Amino acid sequence: MIPQWLIEQKRDGFALKEDDIRSFIKGFTLGTIPDYQMAALAMAIYFKGMTDAEISVLTDAMMCSGERISFEGWPRPTADKHSTGGIGDKLSLMIAPLAASAGLAVPMISGRGLGITGGTLDKLEAIPGYNTHLTTEAFKQVIATVGCSIIGQTERLAPADKKLYALRDVTGTVPSIPLITASIMSKKGAEGAETLIFDVKCGRAAFMRSLQDARSLAESLSRIGRALNRKTAALITDMDQPLGRSIGNAVEVAEAVETLKGKGPADTRELTLELTALMTVVSGLHANMDSARVELARHLDNGRALDVFRKMVIAQGGDPRFIDDPTALPQPGHRQWLKALCSGYVADVDALAIGRIVLQLGGGRTKTDDTIDYAAGIEALVQQGDYVEKGEPLMCLLAKNSSLTAAHLATACSAVKLTPDKPAPRKLILQTLD
Ligand code: URA
């Protein structure tokens, strides 16, 4: 296989042969094919796309570039949920323990936030002592004893994806459906869960801005999942507005704990229940969504899911004091309240603007090696449909110092639109694919 011939073939819109895709990925992983040739192929794929057969082979080649975890013979069904990323999306923190409390085994390998979207891994690292780098043996041990474990991608798991994702991030080739599908499915395939539920975010703060693109991605993920012999289903959910009232790392952990205590914002609770219910139904634990929702809501309200979460934190070396006392999480140097200049209903909270503000307050990265301020973010954020009186808070900005918060007050103010009339209720779940 001559790498440049393969690049030319894709550039000219032809489908690639299985052996060629496999050799190319193998060479890239081993370093015999340089980054510039991989980047050129990624750009050709970005423009010319791939057939399902090509995506399947690419996924398999990337999955087989490293270790594959197996749960064969385990007494509980295994299931995982994957989100394509959004603002305020702390759902994994509730879904893993809730699904485990219902009887699933949940191996969850999460990523860091990059750009404006947050990452579960960064949120977990806001918990003092929590170890996100377990060996495969330790990961399986935590799942066997607690029911779930959330860790980061190891060096051994889908290394081709780890390398390719970093390259795509700096070559403008992230938002490609074949490449996103192969990236997500190679990791999820290697992780070993039998059931995979996708939360495909759609809206101005998501990779997929239109419903049509989100649907194409959801269908592509489901098709490739089935080709890998996984049971799959997907929800397409709104990412025009942030999820919940807290955006950042430590504050999202605190909001996740509130939700696990049966409280928390209504949108956060609703999506937690829907996605977890889908996991239990698709994996055969519950007969239908209604009975799943009822049982899972009970587990949020009676503390069973919180109990699993506490055990997971302890099993992974975390100090669980924050569960009863949120001030045990990293605290900001400065809090700045932003007040409404007039009375009215909240018609819109711009998730893209909110994500950008949180990143600049220190809560995100612009480069992979940037350090995060875990305490930075926004809390007490109003949501679409809320009514606020003039002078009441719209949100509270959290950062190291007052000059950081002051720099973002004006943009924060224009991210929230107030109107005299009550807006139509937000549609959280845009489509379901099962
Ligand atoms: N998440 C991934 O893991 N990969 C992508 O390409 C996009 C989102």
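Quick rundown of the values:
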{"quantity": "Test: residue in segment 192-215 that is closer than 16 Å to Leu278 by Cβ and without any contact (Cβ under 8 Å) to a residue 24 or more places away in the chain", "calculated": "no"}
{"quantity": "Filter result (closer than 19 Å to Ala53 by Cβ and within 10 Å of the ligand (Cβ to nearest atom)) within segment 179-190", "calculated": "Leu179, Ile180, Thr181, Ala182, Ser183, Ile184, Met185, Ser186"}
{"quantity": "Residue identified as modelled with pLDDT of 95 or more and in a helix (DSSP H, G or I) among Val200, Val142", "calculated": "Val142"}
{"quantity": "Residue in segment 271-293 that is in contact with a strand residue (DSSP E or B) (Cβ under 6 Å, 6 or more places away or on another chain) and more than 15 Å from Ala100 (Cβ to Cβ) present", "calculated": "yes"}
{"quantity": "Boolean, Ala206 is more than 9 Å from the ligand (Cβ to nearest atom), in the same structural domain as Gly115 (by TED's automatic domain parsing) and not basic (Lys, Arg)", "calculated": "yes"}
{"quantity": "Criterion: of a type in the set (Gly, Ala, Ser) and either in contact (Cβ under 8 Å) with a residue 24 or more places away in the chain or in the same structural domain as Gln384 (by TED's automatic domain parsing) (or both) - qualifying residue of Ser291, Ser283", "calculated": "Ser283"}
{"quantity": "Out of Ala160, Ala166, sole residue that is among the small types (Gly, Ala, Ser), in a helix (DSSP H, G or I) and open to solvent by 10 Å² or more (accessible area, probe 1.4 Å)", "calculated": "Ala166"}
{"quantity": "Selection from segment 99-117 of residues that are open to solvent by less than 10 Å² (accessible area, probe 1.4 Å) and away from the ligand (no atom under 16 Å from the Cβ)", "calculated": "Ala99, Ala100, Leu104, Ala105, Val106"}
{"quantity": "Near pairs, Cβ below 6 angstrom, 6+ apart or cross-chain, from segment 78-93 (at negative phi) to any residue that is away from the ligand (no atom under 16 Å from the Cβ) and in a loop (DSSP other than H, G, I, E, B)", "calculated": "Thr78/Phe71; Thr78/Glu194; Ala79/Leu104; Ala79/Ser283; Ile87/Pro242; Asp89/Leu243"}
{"quantity": "Subset of segment 225-277 (residues that are part of a helix (DSSP H, G or I), of a type in the set (A, V, I, L, M, F, W, C) and open to solvent by 10 Å² or more (accessible area, probe 1.4 Å))", "calculated": "Ala227, Val251, Ala254, Ala266, Leu273"}
{"quantity": "Matching residues in segment 326-367 - criterion: being over 21 Å from Lys400 (Cβ atoms) and either among the aromatic types (Phe, Trp, Tyr) or open to solvent by 70 Å² or more (accessible area, probe 1.4 Å) (or both)", "calculated": "Lys339, Leu341, Tyr345"}
{"quantity": "Qualifying residue in segment 343-351 (condition: among the small types (Gly, Ala, Ser) and without any contact (Cβ under 8 Å) to a residue 40 or more places away in the chain)", "calculated": "no"}
{"quantity": "Where Ser216 falls short, out of the listed (1) within 16 Å of the ligand (Cβ to nearest atom); (2) open to solvent by 40 Å² or more (accessible area, probe 1.4 Å); (3) modelled with pLDDT under 95; (4) not aromatic (Phe, Trp, Tyr)", "calculated": "(3)"}
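The values are calculated or read from the model by the stated rules, or taken from the named source; none is laboratory data. Just so you know, these numbers come straight off a predicted model, no measurement behind them. Counting neighbours? That spans all protein chains shown, and the Cβs are built from the backbone with ideal geometry, glycine included. Protein only, heavy atoms only, side chains kept; ligands, DNA and RNA dropped before computing areas. Shrake-Rupley method; radii C 1.70, N 1.55, O 1.52, S 1.80 Å.
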